[in-house]
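These notes concern the structure reproduced below.
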Amino acid sequence: MHSWVIYISVFLISYAIGDIPFAFIISKMVKGVDIRYAGEGNVGARNVLHSIGKPYGVLVGILDFLKGAVVAFLCLSLNLTFPLIITAGFGVVFGHDFPVFLKFKGGKGIATALGFLFVLFPMPTSAALFLMLILFSVRRYFHFAASIGIGSLPLLWMPLFKNEPKEIIFTIGYLSFLGMKRLIDEPHMRKIKEASGWDKG
């Protein structure tokens, strides 16, 4: 099989797993709400938590995390090469961020990306998540805690745990993609926030 066929196949399979919009499905099932146009307008766990209810937000967060974790686990189980693992990682987050079932209006991909990274690099990712939890418990400001906690993964924890340079470079690029998605979503989120009266940090 040609190498480009393998890369495309890995990306599409990962995309299909990431494409499952748990936030949208659960919000519709529980309250009949289209989460794309409620709260902050994001198809993710945090918006579900505030717009639908804490238990459902936690459930969505776990399910989105598992999407990334399952893809990473499959990569390791199949002994895929590192370039194919990178392809799978971007595929699952791309599926979450731009789901075809929701006309490409998805979430930010933080939980899914962390699930993927957690399976690949459990120790540094756990340290980053722990720091994020501490910062959130002190400041109660999600974006501040997420930015510092997640940003510490390739800049502090991965070098500390002696990860290879290629792994650190991949993680920086991976997390940078999440930042770009946030910028892409900002106009839509600002509009929905103004309509819904969203004022969460």
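The values are calculated or read from the model by the stated rules, or taken from the named source; none is laboratory data. Here the structure is a predicted model, which is why all the values come from computation and not from measurement. For neighbour counting, all protein chains shown are included, and Cβ atoms are generated from backbone atoms with ideal geometry for every residue, glycine included.
Residues in the stretch 1-29 that are loosely packed, with under 14 Cβ neighbours inside 10 Å and more than 30 Å from LEU78 (Cβ to Cβ): MET29 alone.
Residue-by-condition table, conditions (1) part of a helix (DSSP H, G or I); (2) touching a helix residue (DSSP H, G or I) at 6+ places or on another chain (Cβ under 6 Å); (3) among the β-branched types (Val, Ile, Thr); (4) crowded, with 22+ Cβ neighbours inside 10 Å:
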{"site": "GLY68", "(1), (2), (3), (4)": "yes, yes, no, yes"}
{"site": "LEU76", "(1), (2), (3), (4)": "yes, no, no, no"}
{"site": "LEU80", "(1), (2), (3), (4)": "no, no, no, no"}
{"site": "PHE104", "(1), (2), (3), (4)": "no, no, no, no"}
{"site": "ALA113", "(1), (2), (3), (4)": "yes, yes, no, yes"}
{"site": "PHE130", "(1), (2), (3), (4)": "yes, no, no, no"}
{"site": "LEU133", "(1), (2), (3), (4)": "yes, no, no, no"}
{"site": "SER137", "(1), (2), (3), (4)": "yes, no, no, no"}
{"site": "HIS143", "(1), (2), (3), (4)": "yes, no, no, no"}
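Any residue in the stretch 163-184 that is surrounded by fewer than 15 Cβ atoms within 10 Å (Cβ to Cβ), assigned to a helix (DSSP H, G or I), in contact with an Asp or Glu (Cβ under 9 Å, 6 or more places away or on another chain) and not aromatic (Phe, Trp, Tyr)? Within the stretch 163-184 (the criterion being surrounded by fewer than 15 Cβ atoms within 10 Å (Cβ to Cβ), assigned to a helix (DSSP H, G or I), in contact with an Asp or Glu (Cβ under 9 Å, 6 or more places away or on another chain) and not aromatic (Phe, Trp, Tyr)), the answer is yes, since at least one residue qualifies.
Being touching a residue at least 60 places away in the same chain (Cβ under 8 Å) and within 14 Å of the chain's Cα centre (by Cα) holds for only one residue in LYS166, LYS191, LYS181, and it is LYS181. Scanning the stretch 1-22 for residues that are touching a residue at least 60 places away in the same chain (Cβ under 8 Å) and more than 17 Å from VAL70 (Cβ to Cβ) gives ILE6, TYR7.
With respect to (1) within 13 Å of PHE98 (Cα to Cα); (2) at pLDDT below 95; (3) outside any helix (DSSP H, G or I), the lone exception for ILE20 is condition (2).
Of all residues in the stretch 30-50, those being in a helix (DSSP H, G or I) and either of a type in the set (Val, Ile, Thr) or surrounded by fewer than 23 Cβ atoms within 10 Å (Cβ to Cβ) (or both) number 9.
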